[in-house]
Amino acid sequence: MSEKKEVIHTKIWNETPESDNPFAAAVCECAGFDVYGDLLGKISWIEYLYLLFKLEPPSKEQARLLEGIAVAIANPGPRDLSVRAAMNGGVGGSLSASCLMAALGPGAGAFGGGHEVTSFMALWNRGERDLEKWREAVTEHLNSEVVEVWPETTHIPGFDPYGASCSNVVLQTLKYLADIGVGESLVWLETNRLKLEGVAASPLTMVGVAAATFIDLEFNADQAEMLFLLLRLPGAAAHALEQKEHGWRKYPFFGDGLTLTDDPGPVAE
């Protein structure tokens, strides 16, 4: 009786083992390209990232667009809940992996997180770059009774219900990305931003710009959500390490609220 072989089905990766060690790879291919023989030293990290998700190399414009949004969202800053979660972990002495996992929690949500990206893309598909259809889509979204695992949202995905006007960094990012000229979504978004903000009764956010970018790059909703989560982690990691080095006594959210009544003092060595 022949022994059944377990096979991993993947179009992404293929390995040729070493002749003297079947558990070590002599050649690794990503989407048919020899990673260490042909790609290493010849393509950028952002081009390789595109290849992993799309299984084909990007054009120069596509690589530039993906790199642009990657820079724009790499560090949302301490105001962002995902970064703050990582900072809390760092200042508390958590392991590096714990800090990143802490960032992924709030960073995955429906308000400023990965799920909002997919919600915006769904809204975009219903709006179809038509203002009247956008009004209908917004109304349907607000009146939707679909039950999800996510908490109910009362705002329009990609727009800030608490904002007074579109922030300068969002405007700068939108202009830069739209000028690259990949697809039509970013250009249409820039041209019609004020009208869309009127429909949403709130200003556009970076989430909306990121989602439109992923649409122009022809990523599906799942790919877009995964990339959004991944590309925002560098800032969370850097801030977590910084706060870990500073220590909790310099952390404004803990220091004033902790009072030790039985401090044993320094530990003798």
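Listing for the model above:
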| read-out | value |
| --- | --- |
| Qualifying residue in the range 59-72 (condition: in a helix (DSSP H, G or I), farther than 30 Å from Glu29 by Cβ and not acidic (Asp, Glu)) | yes |
| Criterion violated by Ser44 - all others in (1) touching a residue at least 24 places away in the same chain (Cβ under 8 Å); (2) of a type outside the set (Asp, Glu); (3) not assigned by TED's automatic domain parsing to the domain that holds Gly112 satisfied | (1) |
| Unmet criterion (only one of (1) loosely packed, with under 15 Cβ neighbours inside 10 Å; (2) in a helix (DSSP H, G or I)) for His141 | (1) |
| Checklist (1) surrounded by fewer than 21 Cβ atoms within 10 Å (Cβ to Cβ); (2) of a type in the set (Lys, Arg); (3) closer than 17 Å to Ala72 by Cα applied to Lys244, failing item | (3) |
| Ser98, sole failed condition from (1) assigned to a helix (DSSP H, G or I); (2) within 14 Å of the chain's Cα centre (by Cα) | (2) |
| Any hit, the range 23-36, residues being in contact (Cβ under 8 Å) with a residue 12 or more places away in the chain and either of a type in the set (Ser, Thr, Tyr) or within 28 Å of Gly107 (Cα to Cα) (or both) | no |
| Filtered residues of the range 86-105 (kept if in contact with a Gly (Cβ under 6 Å, 6 or more places away or on another chain) and buried (at least 21 other Cβ atoms within 10 Å of the Cβ)) | Cys99, Ala102 |
| Qualifying residue in the range 221-228 (condition: charged (D, E, K, R) and without any contact (Cβ under 8 Å) to a residue 24 or more places away in the chain) | no |
| Pairs where the first residue, in the range 111-136, is closer than 22 Å to Asp80 by Cβ and the second is charged (D, E, K, R), C-beta under 8 Å, 6+ apart | Gly112/Asp80; Gly114/Glu225; His115/Glu225; Val117/Glu225; Thr118/Asp222; Thr118/Glu225 |
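Conditions (1) within 20 Å of the chain's Cα centre (by Cα); (2) surrounded by fewer than 22 Cβ atoms within 10 Å (Cβ to Cβ), marked per residue:
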site	(1), (2)
Lys175	yes, yes
Ala178	yes, no
Trp188	no, yes
Arg193	no, yes
Phe214	yes, no
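The values are calculated or read from the model by the stated rules, or taken from the named source; none is laboratory data. A quick note: this is a predicted structure, and the numbers were derived from the prediction, not measured. Using ideal geometry, Cβ is built from the backbone for each residue, glycine included, and neighbour counts are taken over all protein chains shown.
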